[in-house]
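Reviewing the structure listed below.
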């Protein structure tokens, strides 16, 4: 289960580490280096490194810049919960990747997705 925004009962050090892990994970998914993320978010590589290791938290405005550079919401970075906008962004990224497939591969992918969605609906309705 994802952590919630810290309050008096949540360990702030662990919260920083959790945020840092999510930043590093998303950066890696996008095949970005710390230097590239720093440039895209107008921060320094050292700030990104500290944040990813959970050594220092980012200021709110810098967390927003990082989220925008990583194409995710600040909600995701802070809590690990995806927002509707995150899903839209993911679909756009997948759509771009699909363009590189040939026609036969795209047809196979569409059929596979359709079967998968049907299976999810059957499992969801039987619970």
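Throughout, read-outs are computed from the coordinates displayed, never taken from laboratory work. All of these numbers come straight from a predicted model, not from anything done at the bench. No Cβ is skipped: glycine too gets one built from the backbone with ideal geometry, and neighbour counts run over all protein chains shown.
Across the range 1-82, Cα pairs under 8 Å and at least six residues apart give a relative contact order of 38 percent. Considering helices alone, the calculated mean residue ellipticity of the chain at 222 nm is -22500 deg cm²/dmol, with DSSP H runs of length four and up weighted by -39500 (n - 2.57) and normalised per residue. Remark: 116, 82 ranked as 116, 82, counting other beta-carbon atoms within 10 Å and listing the fewest first. Ranked by how many other Cβ atoms sit within 10 Å of their own Cβ, fewest first, the residues 100, 75, 18, 11 fall in the order 100, 11, 75, 18. In the chain, the longest principal axis of the Cα atoms and the axis of helix 103-126 are about 80 degrees apart. Comparing 77, 91, 101 in a Gaussian network model of the chain, where Cα atoms under 10 Å apart are tied by springs, the biggest mean-square fluctuation is seen for 101.
Pairs of C-alpha atoms in the range 84-127 farther apart than 17 Å represent 50 percent of all such pairs.
Ordering 117, 19 by the number of other Cβ atoms within 10 Å of each residue's own Cβ, fewest first, gives 117, 19. Taking the C-alpha atoms only, the angle from helix 84-98 to the longest principal axis of the chain is near 60 degrees. Within the set (i) 2, 11, 22, 26, 20, 12, 5, 1, 0; (ii) 2, 10, 16, 18, 15, 12, 10, 9, 6, 2, 0, 0; (iii) 2, 8, 6, 6, 5, 5, 5, 4, 5, 4, 4, 4, 4, 4, 3, 3, 3, 3, 3, 3, 3, 2, 2, 2, 2, 2, 1, 1, 1, 1, 0, the number that P(r) over Cα pairs in 5 Å bins from 0, in percent takes when calculated for this structure is listed as (ii).
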